[in-house]
Amino acid sequence: MEKVDENKEGIKGMVNPRRYGIERVAYLLMRLSGLGLLAYFVAHIYETSNILRGRVGWEEVISITQTTEGHVILAIVIGMCVFHTANGIRVMLGESGIGVGKPIRPDYPYPSPSQNARHKIAIYSSIILAALAMMYGLAVMFGE
Amino acid sequence: MATILSTPKEKTTSVISPSKKVTLRVAKYNPKTDPKKKWVNYQIPYEKWTTVLDVLLEAKNHLDHSIGIRYSCRQASCGSCGMIINGKPRLACFTKITELDTTMVTVEPMKNFPIIRDLVVGFDRLFKTHKRIKPYIISEDSEITTKTTELLQTPKEVNNYIQFANCIKCGLCNSACPTMATDSLFIGPQALAQAYRYVADTRDKGKDDRLKIIDESHGIWRCHFAGSCSQVCPKGVDPAMGIQLLRGYLLGFRS
């Protein structure tokens, strides 16, 4: 069968958050934080598996997280974790049909009930919560 | 008088005398003959009621007859003139120059659709996915087989789906969808919203059939509720809501 060029936007279009409001920003952050947490999960398994090398091996790998770079990475992980959890709850409720509004007879200028203020508040709250958690994490780690 | 900035040979003889002009930037590309897309600029006069379709037709009629564009009703009913206007999918007939608040209007063919020529894209896939979800009432009852002359519905029952019956198949939702941008097999927000339209109709008995069609790897689960489809819909269909409500049936929250 002849391959048709569908003029797809591709990854570049998918990750472009500028055109469709805060919902698309949340979509991008959700994907990035998901991938980031997956990478952290793999790294975490590697890190904890070093206990098999005994006390020296364990302390060697733990010392990596005690550097400035290690603290910054852990703060980013905290931010990703909080955002992914909070926004994930919003998305799960929405995807179950909760909080997306009820079908109505649309009138001009046709606002979208699913893109309602509650969702926008939830997205902004998730971002603010993630930022606060990161700041708290940085304060604890660098405050030692 | 409308003037041209580059390429086309035709010259206008019509005189329009508004004071304001907009630069119309059109993506021209014929996949059969051109190696790549090229941009052509036209200077077009406009009034406060002028739409993007009006300026495109002005350019086509007086400056460059070769601009490929599909349009019909000029009133957001036929869904023919969907295109990317200043980076967002919109209907050209439903977008006024003044609302764009710029002196440069860039028009491109819709993304996630194969380009036929210039601003005209192929709708084969959209119509195919639309047909796939069985966009009609499935019922053994009819005016012929039952004593009832009409299949009555209460206003509340009608309100459950009437919003989704407004779909004009313009394809803007499919063009804005981030999943459509990468997944060639995704059924798309247009078809999924139409699946909900019929599932929510009390006259319809084809719910199980349709849920089976959309419950697959490139079906409803590929939607991640980015909501871009609803933001660009020119008829207030809100496909994102339809998809999430439809998912409620599959997850057992609705029956």
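Quick look at the values:
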| read-out | value |
| --- | --- |
| Between helix A:117-142 and chain A: long-axis angle, C-alpha atoms, 0 to 90°, nearest 10 | 10 |
| Gain on full stretching of the segment that runs from residue B:78 to residue B:136 - 0.36 nm per residue minus C-alpha separation | 19.0 nm |
| Per-pair calculated FRET efficiency, R0 = 51 Å: residue A:35 and residue B:36 via Cβ, rounded to 0.05 | 0.95 |
| Helix A:68-95 vs. chain A, principal-axis angle (Cα, 0 to 90°, nearest 10) | 30 |
| Low-density loop cleavage sites - GluC sites (Glu not before Pro) in the stretch B:10-109, where at most 16 other Cβ are within 10 Å (DSSP) | B:10, B:47 |
| Shielding by partners - mean other protein chain Cβ count within 10 Å, residues of A:63-69 | 0 |
| Cα lying deepest toward the dipole's positive end in the protein assembly as shown, options B:113, A:22, B:184, charges on Cβ | B:113 |
| Neighbouring partner chain Cβ atoms per residue of B:233-240, average, 10 Å criterion | 5 |
| Centre separation in Å (Cα based) which lies between the stretch B:226-255 and the stretch B:109-124 | 25 |
| Residue-wise HN-Hα coupling along the stretch B:81-97, computed from phi with Karplus coefficients 6.51, -1.76, 1.60 (Hz; x: Gly, Pro) | 9, x, 7, 8, 10, 6, x, 10, x, 8, 7, 5, 7, 10, 10, 7, 4 |
| Potential extension, residue A:12-residue A:68 segment - 0.36 nm per residue separation minus Cα distance | 16.9 nm |
| C-alpha center-to-center spacing [the stretch B:34-51, the stretch A:35-112] in angstrom | 45 |
| Burial ranking of peptide ranges B:151-162, B:166-177 (average Cβ count within 10 Å, highest at the top) | B:166-177, B:151-162 |
| Nitroxide proxy distance, nm - points 7 Å out along Cα→Cβ at residue A:107 and residue B:47 | 2.9 |
| Length gained when the stretch residue B:98-residue B:20 is fully extended (0.36 nm per residue, less Cα-Cα span) | 27.0 nm |
| Antiparallel bridges, percent of DSSP beta bridges restricted to the protein assembly as shown (to nearest 5) | 85 |
| Along chain A, longest interval not containing exposed trypsin sites (Lys or Arg not before Pro), exposed being DSSP loop plus at most 13 other Cβ atoms within 10 Å | A:19-144 |
| Shielding of B:220-229 by partner chains, average beta-carbon count, 10 Å | 6 |
| Karplus (6.51, -1.76, 1.60) ³J(HN,Hα), θ = phi - 60°, over the stretch A:22-28, in Hz, Gly and Pro reported as x | 5, 4, 6, 5, 4, 4, 5 |
| Non-local Lys pairs in the stretch B:124-251, i.e. 8 or more apart or on different chains, that have alpha carbons under 14 Å apart | 6 |
| Debye, to nearest 20: dipole size of chain B, +1 on Lys, Arg Cβ, -1 on Asp, Glu Cβ | 640 |
| Loop-resident sites, the stretch B:55-147, for trypsin sites (Lys or Arg not before Pro), counting at most 15 other Cβ within 10 Å (DSSP) | B:147 |
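Just so you know, all these numbers are worked out from the coordinates, no wet-lab data involved. This structure is a prediction, so every number in the text was calculated from the model and none was measured. Don't worry about glycine lacking a Cβ; one is built from the backbone with ideal geometry, like all the others, and counts go over all protein chains shown.
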